Amino acid sequence: MTTLQEEFLRTFHAAHPAVTVRAMAHGKTADGRSSYELLRDRVSECDRVLDLGCGDGLLLELLAARPAGAPSMLAGLDLSAEELALARPRPGLAAADLRPGRAQQLPFADGWFDGCLSHMALMLMSEVEQVAAEVARVLAPGGVLAVVLGAGAAGGEACESFLRLARPLFEAAPAAQRIPPLGGPRLRTREGFDAVFRPAGFAPAEWETVRIDLTGPPEQVWRTVGAYYDLGPLDPAVTADLRARFEAESAAMALPDGRVPCGMKVHVAMAVRGRGA
């Protein structure tokens with residue numbers, strides 16, 4: 001059964017396909033990798049990989065081109081037909097199994113995969129215990145789950161400035177211009193993640209919090225902060241005023257080359273499905 005949250009996400013991504021990739025793909029960690037590449041490398045030895053919330057397919061494309069060789073099977077699931085339409089023509093994905101659907105009802109056979117990835121999608125999902133049970137079902141014993149989860153703005157930069165300006169607007173918006181609750185806080189901590197996934201048969205998660213440097217020209221930084229779902233239902237005049245005030249503050253913190261410092265933190269979690277699960 002489609003939830004109100006899922007209907008919002010489907011509608012938002014129909015209007016803004018590839019929004020997450022435009023916001024985050026250019027970002028780099030301290031070692032030069034993007035958050036997508038962090039996930040790709042977590043399943044370097046997996047041969048049959050599923051991407052939950054695959055969006056426009058960037059992560060699957062990176063898997064298809066990984067230095068160790070492409071997996072023999074790539075699959076992606078997403079609520080958005082528009083995102084999947086962008087994924088299908090990507091290099092290396094001609095044979096990928098890309099399907100519309102819900103993570104709570106995975107349309108795949110038991111034990112079909114040895115790797116499952118999710119980039120900035122798992123923490124938005126409802127019925128997370130059911131998601132965990134489904135991921136455990138389609139993963140073979142010893143299979144790897146690796147996810148990137150949002151962890152908030154890095155201090156003292158553009159993302160933090162944006163949230164300081166935007167939160168009062170989100171809170172003051174009429175009910176018709178507010179987004180439904182998306183996911184919950186449990187999956188944004190190691191303890192909460194384990195509380196959901198260990199009963200489904202996963203070992204305790206490996207957990208790392210990483211800073212992503214999203215510094216860039218003002219237009220690019222606006223694309224990054226403009227990916228917040230809360231902006232979607234706002235009155236366009238409110239959004240335009242917010243952007244003008246944000247860009248004025250950003251200009252004051254710009255680097256000598258004109259780029260605006262911007263960063264966010266993500267959690268990278270990895271858990272193995274127990275062989276006795």
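Within the set R245, R164, the sole residue that is assigned to a helix (DSSP H, G or I), surrounded by fewer than 16 Cβ atoms within 10 Å (Cβ to Cβ) and in contact with a Leu (Cβ under 9 Å, 6 or more places away or on another chain) turns out to be R245.
Residue count for segment 100-143 under the criterion of being assigned to a loop (DSSP other than H, G, I, E, B) and within 23 Å of V19 (Cβ to Cβ): the result is 6. Tell me, please, whether a residue that is surrounded by 14 or more Cβ atoms within 10 Å (Cβ to Cβ), farther than 15 Å from C54 by Cα, polar (S, T, N, Q) and at pLDDT below 95 can be found in segment 124-139. Yes.
On the given criteria, is G258 outside any helix (DSSP H, G or I), at positive phi and either touching an Asp or Glu at 6+ places or on another chain (Cβ under 6 Å) or surrounded by 14 or more Cβ atoms within 10 Å (Cβ to Cβ) (or both)?
no
What number of residues within segment 168-188 satisfy the criterion of being free of Cβ contacts under 8 Å to residues at least 24 places away in the same chain and more than 19 Å from F8 (Cβ to Cβ)? Of the residues in segment 168-188, 2 are free of Cβ contacts under 8 Å to residues at least 24 places away in the same chain and more than 19 Å from F8 (Cβ to Cβ).
Residues that are in a loop (DSSP other than H, G, I, E, B), among the charged types (D, E, K, R) and surrounded by fewer than 16 Cβ atoms within 10 Å (Cβ to Cβ) within segment 80-99 comprise just one, R88. Restricting attention to segment 161-193, the residues being among the charged types (D, E, K, R), at pLDDT 95 or above and touching a strand residue (DSSP E or B) at 6+ places or on another chain (Cβ under 8 Å) number 1.
Checking the structure you have, find out if any residue of segment 5-18 is in contact with a helix residue (DSSP H, G or I) (Cβ under 7 Å, 6 or more places away or on another chain) and in a loop (DSSP other than H, G, I, E, B). Yes.
Return the only residue of P204, P218 being over 21 Å from V266 (Cα atoms) and in contact (Cβ under 8 Å) with a residue 12 or more places away in the chain.
On the way: P204 fails: over 21 Å from V266 (Cα atoms).
Checking each option against the conditions leaves just P218.
Entry remark, segment 40-61: residues being over 19 Å from A140 (Cα atoms) and under 15 Å from the mean Cα position of the chain (by Cα) number 8 in total. Of everything in segment 25-43 that is charged (D, E, K, R) and within 16 Å of D114 (Cα to Cα), the residue that is surrounded by the fewest Cβ atoms within 10 Å (Cβ to Cβ) is D41.
Which is in contact with a strand residue (DSSP E or B) (Cβ under 6 Å, 6 or more places away or on another chain) and under 25 Å from V210 (Cα atoms), of L84, L77, L60?
Values: L84 fails: under 25 Å from V210 (Cα atoms); L77 fails: under 25 Å from V210 (Cα atoms).
Of L84, L77, L60, the one residue that is in contact with a strand residue (DSSP E or B) (Cβ under 6 Å, 6 or more places away or on another chain) and under 25 Å from V210 (Cα atoms) is L60.
Scanning segment 100-123 for residues that are surrounded by fewer than 16 Cβ atoms within 10 Å (Cβ to Cβ) and either under 20 Å from the mean Cα position of the chain (by Cα) or of a type in the set (A, V, I, L, M, F, W, C) (or both) yields P100, G101, Q105, A109.
Scanning segment 139-180 for residues that are out of contact with any Cys (no Cβ under 7 Å at 6 or more places or on another chain) and of a type in the set (V, I, T), we see that the one that is nearest to D213 (Cα to Cα) is V148. For segment 44-79, enumerate the residues that are farther than 14 Å from G115 by Cβ, touching a residue at least 24 places away in the same chain (Cβ under 8 Å) and in a loop (DSSP other than H, G, I, E, B). G53, G55, D56, G57, A65, L79 - these are the residues of segment 44-79 that are farther than 14 Å from G115 by Cβ, touching a residue at least 24 places away in the same chain (Cβ under 8 Å) and in a loop (DSSP other than H, G, I, E, B).
The values are calculated or read from the model by the stated rules, or taken from the named source; none is laboratory data. Please read all numbers here as calculations on a predicted model, not as lab measurements. Here Cβ is always computed from backbone atoms with ideal geometry, including for glycine, and neighbour counts include all displayed protein chains.
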